[in-house]
Each structure stands twice: as structure tokens, then as C-alpha cells.
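Step one of this worksheet: look at the structure below.
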Amino acid sequence: MSIYRKRLFDEMVSLGLASLGIIMVISLFMGAVITIQTAANIDSAFIPSYTIGFTTRQSTILEFSPTIMALILAGKVGSNIASEIGLMRVTEQIDALEIMGVNSSSFLILPKIIASVIINPFLVIISMFVSIGGGYMIAMFTDIVSVSDYVYGIQLDFRPYHVVYALSKAAVFAFIFTSVPAYQGYFAAGSALEVGKASTRGVVQSSIIILVANYLITQLFLI
Amino acid sequence: MIEVVGLNKSFGDKHVLKDISAVFETGKTSLIIGASGSGKSTLARCLVGLITPESGRMLYDGRDFLELSNKEKKELRTEIGFLFQGSALFDFMTVEENIRFPLDMLTNLTKKEKQMRVDEVLERVEMPTSHKLFPSELSGGMKKRVGIARAISPQPKYLFCDEPNSGLDPQTSIVIDNLIHEITVEYNITTLVISHDMNSVMEIGEYILFIHKGDKWWEGDNQKILKTDNEELLSFVNASGFLTNKKADL
Ligand SMILES: Nc1ncnc2c1ncn2[C@@H]1O[C@H](COP(=O)(O)OP(=O)(O)OP(=O)(O)O)[C@@H](O)[C@H]1O
Ligand SMILES: [Mg+2]
């Protein structure tokens, strides 16, 4: 059993740590751009400028961090999983596992899914902080919005339920962008060419399923 | 002993194995030879249950593989070692971990016993210092040897080797052939070797099964093969240049 635990741990490290950099870079720019765009769209004197901070926080938490990160990871992690497992299929490594009496799908795929479902909410939390931090930097280094207004805005009317909603999405999306590409890779047949195709299919399908799931979850949780 | 009775396997409408019957005896090295695409690997894959034949029986010392319950199959699997044609080493594990893996999965050895086993088999395939390397750092022939080490490490009762010495230099080939033969005799196991190599055939072929386009075309031993008048077998043997070399020696 310890061999399965080791697999899970390895996958958590490789799926989590390996994506941290890209998540942080994208989130930083994302938060900065949301702040600038919100500011650019509010030029009425009747709308207080702390709205900019408020809007940055809300769109980050509700949508950008969980969904955009899931789409990015569907591309990065999804293609990686599909090609890794597909290659194991065509080089007979999966057959080798079966011969040793190992259930190859639960040995190879399950740790990836579990690791990602556990790790992805944490990545999304980090993304939220960094994104809101990106907005903060705009407040600090430009005169689009003052730091005090921005900080007031990001604290305004905070509802923990929104975070719960966002992290539930993160977990569901993680399940999608690991299981769909893994399935495609696992049933890839034949050659390296097929592995490439399986990887593309995995990314495209998981992206679409994520968007549909996003709609459904939002309909269920927020209305 | 593995007995194969009337095995048939098709992929789509392509009949790859046609009514194959053979007996592979314990303590003997049996060779399956034949041209590329004749169905050798398919036969081995059927035998270990990676693909299911349409009809036929496979008896492992009397145990009919296709009739076994899942639990019994799993038990039988612990007695099978398999070297794949492309080695099939696990990319994400080192050489040492690759060899230890079937021990973890199939045996109850202690950590120390496993380590001893790993060292011993690596020694036997003449790679005593490669423990920490990853498969990507090995040459094709080294992968083959690690594949063999992994197949023999749990001390299987039935050993399958799909082209154990393709990609090896002639000297290492002989070492590997002899190793397979030694293990077969030493542990009194049933060994099936798929091969293209006439040198191996002559060296270790105590029973030879020649497959031609999915048919069992000829069977015999390495003495009889030189006297055969079977046309396809002769052209297979001649193509390897083996007979001409031998005659030049005489
Ligand atoms: N999974 C599969 N699907 C469809 N056809 C297959 C499959 N596996 C093998 N075949 C076909 O079965 C035939 C026999 O293949 P097999 O791999 O058994 O040949 P082989 O004798 O091992 O050849 P080689 O010496 O080149 O390894 C080939 O014509 C191959 O195209
Ligand atoms: Mg083959």
C-alpha cells in the first residue's frame, strides 16, 4: 500500500509545485488587468472608486481564479497526463503493470486525480491572493485608484460562501482536467502519432466540459 | 509445463494465430521463431492473458488459464515473468526501482531480501553499477538487460522473453542467452523465448516452434533444424546467413 501513497505524494508534488510558477505569473497580470479595465469602465462620478477594488476581488474569486486557472491547467497538466499515459500505453508499460497483477488504471490514473483534486483548491487560493495583489500593485504604482480605496474595496461585503463556491469549482475542474485526458491517454492505441492526437482530444474535451460544468455549478450554487 | 491447444486469434478480419498447438516443457528453453509479423508476440501476449484468444486452451501445469477465477489468475500472474519486445521499463522509476517493483507487488520479501535480489539480478545481466540510472539514460541493449533482470527478479515459474537479444552485440547476446538457459535449468522453470537469431536457436533451442503467417509450420530441436527440408523454414534459416557461415567453418 505504501507504494500507492508514494505515488499520490509524488503526483501532488509534480502537479502542484510544477504549476505554481505559471499560476502566479498569470494571476498577477490577470489581477492587474481586471483592475485597469474596471477603472477604465467606471468614469461616472457617482460610482465610488473603491468599486474598482470590490470588482477585482469579486471577479477574481468567483470566476477568474477557479475557471481561468482550470483552463490553463487543462492545457498544461491535461496534455502532460494524456501524453504520459498514452506513451506508457504504446510502449507496453501498461501491459507490464497488468502482468504484474497491478490494476494499471488505479495505479496510474487515480493518484493523479486525487492529488489534483486536493491540490487545485490550494493553487486557486494562491491565485486569488496573487491576482488581488496584482490589482494592489496597480493601485500603488499608478494613479488609477488610490491604495486606500482599493484596500477598502477588496474588504467590502466579503462573503465566505463565495470562496466555498470557488473552491468547489476548483475541485470539480481538477477532476475534469485530470480524468478526461487520462482516459484519452489510457485508450490511445498504436503509435506516437496517436498519443499526440489523444493529448489534443484530452485538452479540448476537458476545456469544454469545464466550461459547461462552470455554467451548471454557477446555476446551482449562486442563484 | 505450458500446453497450448488449438489457439485462434484474429484482429478484425485478420486471422493472426491459426489453430496453434504446442507443448512447452518445464526445465527446457523453448524458442518461437518466425518472420516479422508472423504472430510470435501475439502468441506470447495471448498466453499471459494480455489479449484473449477467440478459441483454444492454455494449460499452465494443468491449470486452464481461461477458466481461472480472477483470484486464481492473479495468483498465476505472480508466477509469470515477461520481457517485452520493447523492454517496457517504467520511465518514472530508476533501474533499481523497476526491478524492485514486481518484488513489491508479487512477493512478501523483506526490504533487505529485495535489495539482495536486485543486486543479484543486476549482477547477472552484467550491469552491477546501474542502480540509480533512469531508463532514459540507458542504451537499447541496456534496457533489454534491465528488462530481463526485472522479469527474473521474482523468480518466476514461467518466463517469457520477447526477443531478448535483439539490439545486443553478439557477445552480450551470448551472455544473455546463456543466462536465460542457466536460469531455466537452475530453477527448473518453463521458458519461452521469441527470437530471430539463429545463433540463439542453435545455442539454446531445446524445443523450436516455427510460426509462418500465423500457422504452426514446424517444430523440433536444434539438431533437427539443420536437416529440415521444410522450404519456408530453410529460407528463414538461410536468410540469417547461419548455414553458409557454418559450412565455411567446416
Ligand atoms: N493490437 C493489434 N491490432 C491489430 N493488429 C495487430 C495487433 N497486434 C498485432 N497485430 C497484427 O498481428 C500480426 C502479428 O503481429 P506480432 O506482433 O505477433 O508479430 P511478430 O511475429 O511478433 O513480429 P516481430 O518479429 O516483428 O515482432 C501483425 O500482422 C500485426 O499487424
Ligand atoms: Mg514481436
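The values are calculated or read from the model by the stated rules, or taken from the named source; none is laboratory data. The shown structure was predicted, so the numbers you read here are calculated from the model rather than taken from an experiment. Cβ atoms come from the backbone with ideal geometry, glycine included; neighbour counts cover every protein chain shown. Accessible surface areas use protein heavy atoms only, side chains included; no ligands, DNA or RNA. Shrake-Rupley method; radii C 1.70, N 1.55, O 1.52, S 1.80 Å.
At a threshold of 8 angstrom on Cα-Cα distance, excluding pairs fewer than six apart, so keeping six or more, what relative contact order does chain B reach in percent?
It rounds to 27 percent for chain B.
Taking the Kirkwood radius as Rh and the Cα radius of gyration as Rg, the protein assembly as shown has a ratio of Rg/Rh equal to 1.15. Going down the list B:K18/B:K114; B:K28/B:K213; A:K197/B:K73; B:K40/B:K111; A:K112/B:K73; B:K114/B:K224, which pairs span over 32 Å between their C-alpha atoms? Distance filter (> 32 Å) returns B:K18/B:K114; A:K197/B:K73; B:K40/B:K111; B:K114/B:K224.
Sequence-ordered 3J(HN,Hα) estimates for the range B:117-123 from the Karplus curve with 6.51, -1.76 and 1.60 and θ = phi - 60° stand at 4, 4, 4, 5, 6, 5, 4 Hz, glycine and proline given as x.
Measure nothing fancy, just the Cα-based angle from helix A:2-12's long axis to the longest principal axis of chain A, in degrees from 0 to 90, nearest 10. For A:2-12 against chain A, the angle is about 40 degrees. Loop-located GluC sites (Glu not before Pro) across the range B:80-163 with a Cβ neighbour count of 14 or fewer within 10 Å are B:E126, with loop assigned by DSSP. Multiplying each eigenvalue of the alpha-carbon gyration tensor of the range B:1-108 by 5 and taking the square root yields semi-axes of 25, 18, 14 Å, largest first, rounded to whole angstroms.
Report, to the nearest whole %, how much of the accessible area of the protein assembly as shown belongs to carbon and sulfur atoms, 1.4 Å probe, protein only. Could the numbers behind the result be given before it?
Numbers: 13070 of 21790 Å².
C and S atoms contribute 60 percent here.
The residues of chain A have, on average, 47 Å² of accessible surface per residue, using a 1.4 Å probe with all protein chains present. Normalised Debye scattering of the range B:90-156 at q = 0.13, 0.20, 0.28, 0.29 Å⁻¹ gives log10 I(q)/I(0) of -0.29, -0.69, -1.33, -1.42, counting only Cα atoms as equal scatterers and leaving out solvent. For the pair the range A:82-126 / the range B:37-97, the C-alpha centres are spaced 22 Å from each other. Summed for both chains, how many Å² of accessible area, to the nearest 100, are buried between A and B with a 1.4 Å probe? Answer for the A-B pair: about 1700 Å² buried.
Under 17 Å of direct C-alpha separation, and excluding same-chain neighbours fewer than eight residues apart, B:K14 reaches these aspartates and glutamates: B:E54, B:D215.
How large is the translational diffusion coefficient of chain A in µm² per second when you combine the Kirkwood radius over alpha carbon pairs with Stokes-Einstein at 4 °C and 1.567 mPa s? Answer, rounded: 69 µm²/s. Build a GNM of chain B with springs between Cα atoms under 10 Å apart, and of B:P102, B:P128, B:P156 the one that fluctuates most is B:P128.
Over the range A:14-222, calculate the relative contact order: mean separation of alpha carbon pairs under 8 Å at least 6 apart, over the residue count, as a percent. The partial results should precede the final answer.
Numbers: 289 pairs, mean separation 78.2, N = 209.
Once divided by the residue count of the range A:14-222, the mean separation gives 37 percent.
When only alpha carbons are used to place a centre, the range B:181-241 and the range A:1-47 end up 61 Å from one another. Highest GNM mean-square fluctuation among B:F92, B:F82, B:F210, for chain B modelled with Cα contacts below 10 Å: B:F92. Computed over chain A, the per-residue total of -39500 (n - 2.57) for DSSP H runs of n ≥ 4 gives a 222 nm mean residue ellipticity of -25500 deg cm²/dmol, rounded to 500. Top mean-square fluctuation among A:V102, A:V145, A:V164, Gaussian network model of chain A, C-alpha springs under 10 Å? Its mean-square fluctuation being the largest, the pick is A:V102.
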